[in-house]
Every structure is written in structure tokens, then in C-alpha cells.
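**Q** First, the structure itself, so that you have it in front of you.
Laboratory data are not the source of any read-out in this text; all were calculated from the coordinates shown. The structure presented is a predicted model; accordingly, all values stated were derived computationally and were not measured. Cβ placement follows ideal geometry from the backbone for every residue including glycine, while neighbour counts extend to all protein chains displayed.
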Amino acid sequence: MAIPLLSYSPSCPNQRVDALGARDDEAIVYSTDDLFSPTEMGDLINAAYRQIFFHAFDSDREIALESQLRNRQITVRDFIRGLLLSNTFINSFYNKNNNYRFVMHCVEKVLGRRVYSEAEKIAWSAVVMTKGVKGFIDELLDSDEYLENFGENIVPYHRRRILPSRTTGEMPFNISSPRYDAYHRDQLGFPQPIWQEAVRAFRSYQQQTKVGDPALFLDMSKDINPQSRKSSFTSTANINIARAVPRRG
């Protein structure tokens, strides 16, 4: 039996997080209300992929959903719902994380903020446990917080506020919250050392020798090991001139 969402307290009064960067580093808002060309629609779709998947690889694109969105058969909220329920998202985030970390990823991507506390993680994890992934995604997209900030036609983005006393803000979600947790990265064998020994020398591409450069022959010349040989001297007393002169037959 499904249980209602547990209560939790927000960590800030205006339900937003600290800024990502300086004041001029404002998020770009993509909305179908402002689109008038196919190129602008493509930018909106790519922004949705980056928000949900952190990338927009061709192999992970949902062509059917894109076509429906371009033809205005579905809203941006429906497109986001389709991405969250896609095989790419389920395999990348749900199958490789526990419920608490999966909730953290979804809140950051869908609501555009960090989770308030452990209490919020537990509350949403209970929804995942009782209603499944689809029920959890539906509750996030149907929540008052989502509808008030993004509505039907705006792509979710990292909401933030600028604090006058701070020159820098928090890191983006894809940096502060890696896709896999530490235990799964250990199973994959990460991190792996790249260098087995210290780098002794490094030359940039501009400093590397090119074909035809005389410097290429320097190493070859160093490999040559000339060995000194004693010259053999022949005494003139041992030369038989009569035998050395050819004769006509």
C-alpha cells in the first residue's frame, strides 16, 4: 500500500540553493513559449538532455519523443518524464545507485536544487519503495514546486540565488554529484592510475620535431659507435713487382 509523502523542512526560506558562480553567470531558460525556429527547438532539446543525462550523445537520444515535442504533441514536462523513464536513465542512475542516491540525482535534475536534508531523502525513498520509479517520477513532476518554477513548457535548470557576500557559488550537479557512488566505482576499478612512473620530460606539439628536421638524425648519429682500426702497413721489400705486372699471353 502506498504511503503519503513524509514531511520534511526546507533548508532555506525561498527554496533555492546558493549560486553556481558570479552574478552574470545566470542560467539560460529554455521554453517552448519563446521558440520560433527548428534551431531553437533543437537547442531546447539538447538542454533537456544535458539536464537529465549530463550529455547529449546520439546513441542515447529518444527520437520518438523528440518528434512529438517538435510537433507540439507533448509538452516539455512530458518530454522530461520520458527521459527520466528511458532505459538510458534507468541503467545509468537507478540500477547503479541505491534509492537515497537515486532520489538525490532526481531532485537535483527535476527540481533544480539540492536535497534539503536526510529527511527529504528518506521521504522520497519511501515513495520509490512503495510506488516504484514511475510513481516517484510522476510525483516529482506533479509537485507544486515543479509546476510553480517550470510549469509545462520550461526545461528544468539549476535554480540558485546570488549571495552578496560570496564571489563564488557551488559546483554544478554533474561535478559535485558523480553518476556512480563510491562503492560502484570501486567495483569498476576506479580510479585507475594512468602513469606507472613519473614523467621525465614533456614537449608540446609545437616543440616536437617534424619530418625533414635535421634534429631527427641526431639520435641516429648518437647510436653510431665507430671502432678504431689499426691500419696494416706492408713493407716494400715484400712486394714482388714481377708478379704484380700482368703479362700478355
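**Q** Provide the packing ranking of 95-103, 55-63, 75-83, i.e. peptides ordered by the mean count of other C-beta atoms within 10 Å per residue, highest first.
**A** Highest to lowest by the protection proxy: 75-83, 95-103, 55-63.
**Q** Further question on the same structure: Apply 1/(1 + (r/R0)^6) to the Cβ-Cβ distance of ASN95 and GLU139, taking R0 = 25 Å, and write down the FRET efficiency to the nearest 0.05.
**A** 0.75
**Q** Further question: For ARG159 and ASP219, compute 0.36 nm times the residue count separating them, minus their Cα-Cα distance, and round to one decimal in nm.
**A** Additional length available on full extension: 15.7 nm.
**Q** Using packing as a proxy for protection, rank 104-115, 34-45 so that the peptide with the highest average count of other Cβ atoms within 10 Å comes first.
**A** Result, highest mean first: 104-115, 34-45.
**Q** Taking R0 as 41 Å, what FRET efficiency do you get between GLU40 and GLN208 from their Cβ-Cβ distance, rounded to the nearest 0.05?
**A** 0.40
**Q** Report the full-extension gain for the segment ASN87 to ASP33: residue separation times 0.36 nm, less the Cα-Cα distance, to one decimal in nm.
**A** Additional length available on full extension: 16.6 nm.
**Q** Mind giving me the FRET efficiency for GLU152 and GLU118? R0 is 30 Å, r the Cβ-Cβ distance, nearest 0.05 is fine.
**A** Taking R0 as 30 Å, the efficiency between GLU152 and GLU118 is 0.40.
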